[in-house]
Structures are given as structure tokens and as C-alpha cells.
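Report on the structure given below.
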Amino acid sequence: MFEMLVPKLRVNTVFDISLEELYRQGYRGIITDLDNTLVGAKAPVATP
């Protein structure tokens, strides 16, 4: 189940995300960290 939480796509800006393409691939939702509360802007991984 943990592998479901590993990013499969990283983009520089949310404007680079094609919602139509994600929908075609079967995705029905996305999780974002727009304000860097989960992972700092320069941190390579999340802290426990």
C-alpha cells in the first residue's frame, strides 16, 4: 500500500499537469503539497 503514496509524476508547476491525460490513464484524484507542509521545498524526502 505504501507504493500508492510514492509520486509517479513530478512537475515544476500545477499548470504542467494535464488533467485530461491523467483521467485517460485512470486517475480520479491527485494529492498535492502546494504550500510545502508535507515536504520542504528543498527536501528530497518527507520527514517522519
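Read the figures in this text as sums done on the coordinates, not as results from a lab. Predicted model, so just to flag it, every value in this text is computed and none were measured. All Cβ positions, even for glycine, are placed from backbone atoms using ideal geometry, and neighbour counts span all protein chains on display.
Note on T37 and E21: their simple-model spin labels are 2.9 nm apart, each label 7 Å out from Cα toward Cβ.
Here the Karplus curve 6.51 cos²θ - 1.76 cosθ + 1.60, taken at θ = phi - 60°, turns the phi angles of the range 14-24 into couplings of 4, 5, 7, 8, 8, 5, 5, 5, 4, 5, 4 Hz, with x standing for Gly and Pro. With θ taken as phi - 60° and the Karplus curve 6.51 cos²θ - 1.76 cosθ + 1.60 applied, the whole-hertz 3J(HN,Hα) list for the range 32-43 is 10, 10, 5, 10, 6, 7, 8, 9, x, 4, 10, 7 Hz, x standing for glycine and proline. Taking only the C-alpha atoms of the chain, Rg followed by Dmax gives 12.1, 33 Å.
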